[in-house]
Amino acid sequence: MAEEQLSKKELRARKHTEKAERKAEEARKAKRESFLQNIFIWSFVAILGAGLVLFVGNILTGDRDVASLAFDMPVDTESEWIKGNPEAEVTLIEYSDFQCPGCAGAAPVVESLLEDYGDEMRFVYRHFPLGFHGNAVPSGRAAEAAGQQGKFFEMHDLLFANQDEWSEVRNPDALFRGYAEELGLDLQAYDVAYESEETKERVEAGLESGREFGVTGTPAFYVNGTPVQLVNSYEPLIEAIETAIAEVETEEDVDVIEAGAETSETEAE
C-alpha cells in the first residue's frame, strides 16, 4: 500500500511540474516578446556604444566556456547596493564602471528587467573601475558618497545619463557635486564622504572582488553566480534571468504539491 501511495505522489508531482513548466514557458515567451519590443530601439543604440567593450572583453576571455562556470557569490544585504527584492532567490550581480559606455548602455536593460521582475529578483551593483578610465574611481566615489545619504541609485542614474558631460573632463569633482545638489543632498556631508578613505576603499573593494571572480572588462553580469556572456546582444542576459526565475517558481510549485501530498498521506494514516 505504501508503494502505491508513493507512486501516486510521484505521479501527481510529475504532472504538476510538467504543467508548471508549460505555463512558465508560455509566460516567458509572452513577456520576452513584449520586453524585446520595448527595448529594441534603445538597445540597438546601446549596443553601438557597448560593442567595442564587449569585443575587447571577448578577446580577453578567449574561447573559455564561461557558461560552464559557477561561483559562490555571497551578497551582504546590509552593506551592498541592491535594487529589487533583497530576499529574492534570483540574484543579478553587475560589475560596472560609470565611465564605461557599455555600462551606460546596459543600465536601461537592467532597469527594464527590474520593472518586469523586481519582486522575483535582486540586482546588486559592484564597482569595477577600469584602469584606462581616469574618472572611473571619482565617479564611483560620488555614487558612494550619495549612497551614504540613501541616494546611491539616484546618483547611479545621473552619472550614466550625463556620462558624455563628465567622462572626459580633467577634474569632474564640481560636476559630481552639482549632481549631489540636484539630488538634494547635504553637500557638506557629501564633500566629507567623497574625500574619505573609506569611500575610496569601497570602490577598490569592488575591483578586488571582480578580479576574484574572473572579471576582465565591463559590464560583467552574473546570474546566481553564473557569468552571462554578452556577444553584441543583451538577449543572453534576459534569457538567463527568465530561466532562473522559472526554475525557482517550478521548484516552489513542486514543494507545495509534495507538502500537500505528504499531509494527505499523514491524514489517511
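Key figures for this structure:
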read-out	value
Cβ-Cβ FRET estimate between residue 133 and residue 89, R0 fixed at 35 Å, reported to 0.05	0.55
Residue 247-residue 77 FRET efficiency (beta carbon distance; Förster radius 22 Å; 0.05 resolution)	0.50
Sequence-distant residues sharing a close amide H with residue 183 (under 5 Å, placed H)	none
Footprinting exposure proxy for 97, 186 (fewest neighbouring C-beta atoms within 10 Å first)	186, 97
For the range 194-256, alpha-carbon Rg over 2.2 N^0.38 Å	1.56
Estimated FRET transfer efficiency (residue 174, residue 216; beta-carbon r; R0 25 Å; 0.05)	0.15
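Each reported figure results from applying straightforward, stated rules to the coordinates on display, with no laboratory input. Small disclaimer: the values here were computed from a predicted structure and weren't measured. Don't worry about glycine lacking a Cβ; one is built from the backbone with ideal geometry, like all the others, and counts go over all protein chains shown.
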